[in-house]
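Participant: Attaching a single structure in structure tokens format; questions to follow.
The values are calculated or read from the model by the stated rules, or taken from the named source; none is laboratory data. Everything numeric here is computed off the predicted structure, so don't read it as measured data. Positions of Cβ are backbone-derived with ideal geometry, glycine not excepted, and every protein chain shown enters the neighbour counts. Keep in mind that these areas ignore ligands, DNA and RNA; they rest on the heavy atoms of the full protein, side chains included. Shrake-Rupley method; radii C 1.70, N 1.55, O 1.52, S 1.80 Å.
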Amino acid sequence: MDLSQASVIVTGGAGGFGSATVRRLAKQGAKLVIADVADERGEALAKALGNGCVYVHTDIMDEASIEKAVQTAADLAPLRAAVIVHGGPRAPGSTGPARTVNREGKRLPLAQFAHTVNVYLNSAFAVTSIAAEAMAKNMPLASNQRGVIINTASIAGYEGQAGQAAYSAAKGGIIGMTLTIARDLAPIGIRAMAIAPGTFLTLAYAASMTDEQAQAKWGPMVPNPHRMGDPDEYAVLAAHIVENDFLNGTTIRLDGAQRF
Ligand SMILES: NC(=O)c1ccc[n+]([C@@H]2O[C@H](COP(=O)([O-])OP(=O)(O)OC[C@H]3O[C@@H](n4cnc5c(N)ncnc54)[C@H](O)[C@@H]3O)[C@@H](O)[C@H]2O)c1
């Protein structure tokens, strides 16, 4: 799909995967909407790219906020791609991964489980459906395609670690809904795909350790290449999915053969 006359929205566009994807798709001439809550990083990236790329403060927990970002993209040029790759706020009272029943015998509160599913699954469906509604109004291209949606799962959607029940449920939900959404959107000429990354060196790790510490801790778990992934490797795959009309309805693992 040619993006030179198109707009693309990237949720979490100021983050690790998001900013790498924004940079790569901007090189193809697309007008990018960087949808994120990280105003400083988002504004700086939009300014660095130029070519009509804009940052839109977007809270993926709020449907009206997503609608505004999608409309901004559609106003720039026909929205042809949505890359959904945001993080989100931690559940109130949560300090990180939590087992179904912890060592003190306390169960994970349902509100915390539901919050994580909201952040990683419900919000992704919200962006998917809002973006698809906008794409449905596009004139189809000569290929009969109107657009493509790329969600972000995780290898935790297949093989979650202890303490990841909610995150695994959310990411498994992305994997599960991808084919169904592709079938739903097929009559309108919109494809739906997902990428399931392994362990990548993004800002998600930078908060708690240096890049070298993260590589030393997580890199050895990846069989080959024996290192954490580079966010641009995600962006390369996202760009290929946009380009290749025959990729539809599936989740691609991107993990250096990592299996926990
Ligand atoms: N890094 C990994 O190893 C890895 C592996 C598998 C899956 N993932 C998934 O990739 C996605 C992106 O992760 P990342 O590693 O690039 O993290 P990141 O922290 O680098 O980027 C996440 C971005 O989301 C933004 N964000 C946070 N709350 C938001 C909100 N309410 N509304 C809009 N944006 C918000 C952040 O500001 C940030 O820019 C997540 O869904 C994550 O689960 C990451």
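Participant: State, as an integer percentage, the relative contact order of segment 18-87 based on alpha-carbon contacts under 8 Å between residues 6 or more apart. Display every interim value, and only then the final one.
Facilitator: Details: 79 pairs, mean separation 20.9, N = 70.
That works out to 30 percent.
Participant: Here is a follow-up. So what is the relative contact order of the chain, in percent, for Cα pairs below 8 Å that sit 6 or more residues apart? Walk me through the intermediate numbers first.
Facilitator: Values: 525 pairs, mean separation 49.7, N = 260.
Relative CO of the chain lands at 19 percent.
Participant: Would you please give the residues with an amide H less than 5 Å from that of F200, counting only those at least 5 places away or on a separate chain, with H modeled from the backbone geometry?
Facilitator: Residues meeting the criterion, in which the H sits 1.01 Å from N, are G229.
Participant: Still on this structure, I have one more. Give the residue from G93, M209, Y158 lying farthest towards the positive end of the charge dipole for the chain; charges sit on Cβ (+1 for Lys and Arg, -1 for Asp and Glu) and the dipole is referred to the Cα centre.
Facilitator: Positive-end residue among those listed: Y158.
Participant: Still on this structure, I have one more. Of Q28, G42, I9, which is farthest towards the positive pole of segment 1-51's charge dipole, taken about the Cα centre with +1 and -1 on the beta-carbons of Lys, Arg and Asp, Glu respectively?
Facilitator: Value computed over the given set: Q28.
Participant: To the nearest 0.05, what FRET efficiency results for E212 and R99 with a Förster distance of 30 Å applied to their C-beta separation?
Facilitator: Values: r = 30 Å, r/R0 = 0.99.
Calculated transfer efficiency: 0.50.
Participant: Let me know the shape class of segment 159-206, please: from the alpha-carbon gyration tensor, a ≥ b ≥ c as square roots of the eigenvalues, rounded when a/c is under 1.5, otherwise prolate if a/b is greater than b/c, or oblate. Numbers along the way, then the final one.
Facilitator: On the way: a/c = 3.90, a/b = 1.87, b/c = 2.08.
Cα axes put segment 159-206 in the oblate bin.
Participant: Ok, one more. Rounded to the nearest 500, what is the 222 nm mean residue ellipticity of the chain from helices alone, with -39500 (n - 2.57) per DSSP H run of 4+ residues and division by all residues?
Facilitator: Working: 9 runs with 104 residues, N = 260.
About -12500 deg cm²/dmol.
Participant: If you take the alpha carbon radius of gyration of segment 52-178 and divide it by 2.2 N^0.38 Å, what ratio comes out, to two decimals?
Facilitator: Numbers: Rg = 17.2 Å, N = 127, 2.2 N^0.38 = 13.9 Å.
In units of the globular-protein estimate, segment 52-178 measures up at 1.24.
Participant: Moving to a separate point now. What accessible area per residue, rounded to a whole number of Å², is obtained for the chain using a probe radius of 1.4 Å?
Facilitator: Numbers: 12340 Å² over 260 residues.
Counting only protein heavy atoms, the per-residue value for the chain is 47 Å².
Participant: Looking at the chain, I'd like the Rg to Rh ratio, where Rg is from alpha-carbon atoms and Rh is Kirkwood's inverse mean 1/r.
Facilitator: On the Cα set of the chain, Rg over Rh gives 0.96.
Participant: Could you check the spin-label model distance between D184 and D230? Points 7 Å from the Cα along Cα→Cβ, value in nm.
Facilitator: Label at D184, label at D230, 3.7 nm between them.
Participant: Which shape class applies to segment 1-118: rounded if a/c is under 1.5, otherwise prolate when a/b exceeds b/c and oblate if not, where a ≥ b ≥ c are the square roots of the Cα gyration tensor eigenvalues? Show your work: numbers first, answer last.
Facilitator: Numbers: a/c = 2.86, a/b = 2.55, b/c = 1.12.
Prolate shape, in that a/c is at least 1.5 and a/b is the bigger ratio.
Participant: Turning to a different aspect of this structure: Quickly rank 37-46, 162-171 as a protection proxy: mean count of other C-beta atoms within 10 Å, highest first.
Facilitator: Details: 37-46: 17.7, 162-171: 19.8.
Going from most to least packed, we get 162-171, 37-46.
Participant: What number results when the radius of gyration of segment 120-260, computed over Cα atoms, is divided by 2.2 N^0.38 Å?
Facilitator: The value comes to 1.14.
Participant: Hey, which of these cross-link pairs are over 27 Å Cα-Cα: K106/K217; K27/K217; K47/K217; K47/K68?
Facilitator: Values: K106/K217 29 Å; K27/K217 33 Å; K47/K217 34 Å; K47/K68 20 Å.
Listed pairs above 27 Å: K106/K217; K27/K217; K47/K217.
Participant: Does segment 60-121 classify as rounded, prolate or oblate by the C-alpha gyration tensor (a ≥ b ≥ c root eigenvalues; a/c under 1.5 gives rounded; else a/b over b/c gives prolate, otherwise oblate)?
Facilitator: Values: a/c = 4.58, a/b = 3.46, b/c = 1.32.
Because a/c hits 1.5 or more and a/b exceeds b/c, segment 60-121 counts as prolate.
Participant: Something else: In the chain, which whole DSSP H runs stretch at least 24 Å along their own axis (Cα) and average -1.0 or higher on the Kyte-Doolittle scale?
Facilitator: 165-185
Participant: So how do 177-188, 5-16 stack up, highest first, on mean other-Cβ count within 10 Å? Intermediate results must be reported in sequence, preceding the final value.
Facilitator: On the way: 177-188: 16.5, 5-16: 26.1.
The packing order, highest mean first, is 5-16, 177-188.
Participant: Further, regarding this structure: Could you size up the charge dipole of segment 1-71 around its Cα centre, putting +1 on the beta carbon of Lys and Arg and -1 on that of Asp and Glu, and report it in debye to the nearest 20?
Facilitator: Numbers: 7 positive and 9 negative charges, 95 e Å.
Magnitude of the dipole: close to 460 debye.
Participant: Here's something else I'd like to know. Where the centroid of each part is defined by its Cα atoms, how far is segment 177-235 from segment 123-158 in Å?
Facilitator: 18 Å
Participant: How do 21-33, 89-101, 223-235 rank on mean C-beta neighbours within 10 Å, highest first?
Facilitator: On the way: 21-33: 22.9, 89-101: 12.6, 223-235: 17.2.
Averaged packing, sorted descending, gives the order 21-33, 223-235, 89-101.
Participant: In percent, how large is the relative contact order of segment 86-212, given Cα pairs closer than 8 Å and 6 or more residues apart? Walk me through the numbers on the way to the answer.
Facilitator: Values: 153 pairs, mean separation 32.3, N = 127.
It rounds to 25 percent for segment 86-212.
Participant: If you don't mind, there's one more thing I want to ask. Where nothing but the Cβ of Lys and Arg (+1) and of Asp and Glu (-1) is charged, how large is the charge dipole of segment 129-238 around its Cα centre, in debye to the nearest 20? Please list the in-between numbers first.
Facilitator: Working: 7 positive and 8 negative charges, 77 e Å.
I would put it at about 360 debye.
Participant: List the aspartates and glutamates whose Cα sits under 18 Å from the Cα of K137, skipping any in the same chain fewer than 8 residues away.
Facilitator: Within reach: D2, E67, D75, D184.
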